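The values are calculated or read from the model by the stated rules, or taken from the named source; none is laboratory data. Since the structure is predicted, the reported quantities are computational estimates derived from the model, not experimental observations. Cβ coordinates were reconstructed from backbone atoms using ideal geometry, including for glycine residues, and neighbour counts include every protein chain displayed. When the accessible area is computed, the model is the full protein with side chains, heavy atoms only, and any ligands, DNA or RNA have been set aside. Shrake-Rupley method; radii C 1.70, N 1.55, O 1.52, S 1.80 Å.
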Amino acid sequence: GAVVSQHPSWVICKSGTSVKIECRSLDFQATTMFWYRQFPKQSLMLMATSNEGSKATYEQGVEKDKFLINHASLTLSTLTVTSAHPEDSSFYICSARLPNNEQFFGPGTRLTVL
Amino acid sequence: KQEVTQIPAALSVPEGENLVLNCSFTDSAIYNLQWFRQDPGKGLTSLLLIQSSQREQTSGRLNASLDKSSGRSTLYIAASQPGDSATYLCAVRYTSYDKVIFGPGTSLSVIP
């Protein structure tokens with residue numbers, strides 16, 4: 001199947017700093033990418049939908065100014081956690097949808113904010 | 001509101017047993033349903049994808065069924081092995097919502 005990569009796979013940062021997570025579709029062009037968040041022992045919750053060249057659509061309760069999403073190309077979407085705090089520590093997973101509507105998930109990025 | 005539920009939340013079985021994991025969804029208008037496996041601290045591994053027009057998919061010891069009318073899917077694992085121990089997530093893409101919604105998962109432990 002298609003491959004979706006994320007970088008970094010894990011990151012530790014100090015409270016108040018910003019962290020950028022990249023999501024790439026390696027062998028296909030993805031018009032739509034999705035960002036999910038998973039807290040310990042919980043399931044994945046959709047944060048936002050990202051369409052290439054347009055503003056992301058955020059789910060209810062997700063702060064768009066805190067979680068900045070950029071989908072500048074058909075193979076790259078970035079999630080920036082601004083002014084991160086310990087409560088933002090989580091597992092962030094991206095997903096990319098092919099033009100034929102198949103959807104593939106990245107390996108995830110574990111963020112720990114100290 | 002489209003939701004996905006899974007029962008049981010946790011399951012512990014002795015090695016060799018056949019087992020069934022259940023997934024329920026609230027709207028029969030779905031695009032597809034997918035079963036994933038997640039090991040602790042790791043990402044998702046796709047196990048089986050069932051399209052709306054299909055009733056089941058099989059891969060090795062795994063068999064997933066889909067009954068849209070009742071809003072249910074089951075994941076059958078035959079001859080369970082300790083290596084099957086993981087959390088199993090059911091994910092539904094609803095037609096109207098057009099986004100993948102995950103269930104809470106079933107944590108499986110297979111005891112040697």
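Taking the stretch A:62-104 on its own, how many of its residues are of a type in the set (A, V, I, L, M), open to solvent by 10 Å² or more (accessible area, probe 1.4 Å) and under 10 Å from the mean Cα position of the chain (by Cα)?
The qualifying residues number 2.
Have a look at A:SER5, A:SER54, A:SER50, A:SER9 and point out the one that is within 13 Å of another protein chain (Cβ to nearest Cβ) and open to solvent by 50 Å² or more (accessible area, probe 1.4 Å).
The conditions single out A:SER9.
When only residues in the stretch B:66-111 that are acidic (Asp, Glu) and more than 14 Å from chain A (Cβ to nearest Cβ) count, which is farthest from A:TYR58 (Cα to Cα)?
Looking at the filtered set, the residue picked out is B:ASP84.
Read through the list (1) under 14 Å from the mean Cα position of the chain (by Cα); (2) aliphatic (A, V, I, L, M); (3) open to solvent by less than 70 Å² (accessible area, probe 1.4 Å), then give the number of the only condition that A:VAL113 fails.
(1) is the only condition that A:VAL113 fails.
Please tell me if A:LYS41 is surrounded by fewer than 15 Cβ atoms within 10 Å (Cβ to Cβ), without any contact (Cβ under 8 Å) to a residue 24 or more places away in the chain, within 14 Å of another protein chain (Cβ to nearest Cβ) and more than 10 Å from the chain's Cα centre (by Cα).
Spelling it out, A:LYS41 is indeed surrounded by fewer than 15 Cβ atoms within 10 Å (Cβ to Cβ), without any contact (Cβ under 8 Å) to a residue 24 or more places away in the chain, within 14 Å of another protein chain (Cβ to nearest Cβ) and more than 10 Å from the chain's Cα centre (by Cα).
Would you check if there is a residue in the stretch B:88-106 being part of a strand (DSSP E or B), acidic (Asp, Glu) and closer than 25 Å to B:ALA29 by Cα?
The answer is no; no qualifying residue exists.
If you check B:THR45 against the conditions, is it modelled with pLDDT under 95 and farther than 22 Å from A:PHE91 by Cβ?
Answer is no for this residue.
Is it fair to say B:LEU49 is within 22 Å of B:ILE30 (Cα to Cα), free of Cβ contacts under 8 Å to residues at least 40 places away in the same chain and either assigned to a loop (DSSP other than H, G, I, E, B) or within 11 Å of another protein chain (Cβ to nearest Cβ) (or both)?
Against the criterion (within 22 Å of B:ILE30 (Cα to Cα), free of Cβ contacts under 8 Å to residues at least 40 places away in the same chain and either assigned to a loop (DSSP other than H, G, I, E, B) or within 11 Å of another protein chain (Cβ to nearest Cβ) (or both)), B:LEU49 qualifies.
Hey, can you tell me all the residues within the stretch A:18-27 that are over 13 Å from A:GLY106 (Cβ atoms), over 10 Å from the mean Cα position of the chain (by Cα) and surrounded by 13 or more Cβ atoms within 10 Å (Cβ to Cβ)?
Matches in the stretch A:18-27: A:VAL19 only.
Go through (1) under 25 Å from A:SER90 (Cα atoms); (2) of a type in the set (S, T, N, Q); (3) within 14 Å of another protein chain (Cβ to nearest Cβ) for B:SER59 and report which single condition fails.
That leaves (1) as the condition not met.
When you go through (1) open to solvent by less than 40 Å² (accessible area, probe 1.4 Å); (2) more than 10 Å from chain A (Cβ to nearest Cβ); (3) assigned to a strand (DSSP E or B) one by one for B:SER12, which number turns out not to apply?
It is condition (1) that B:SER12 fails.
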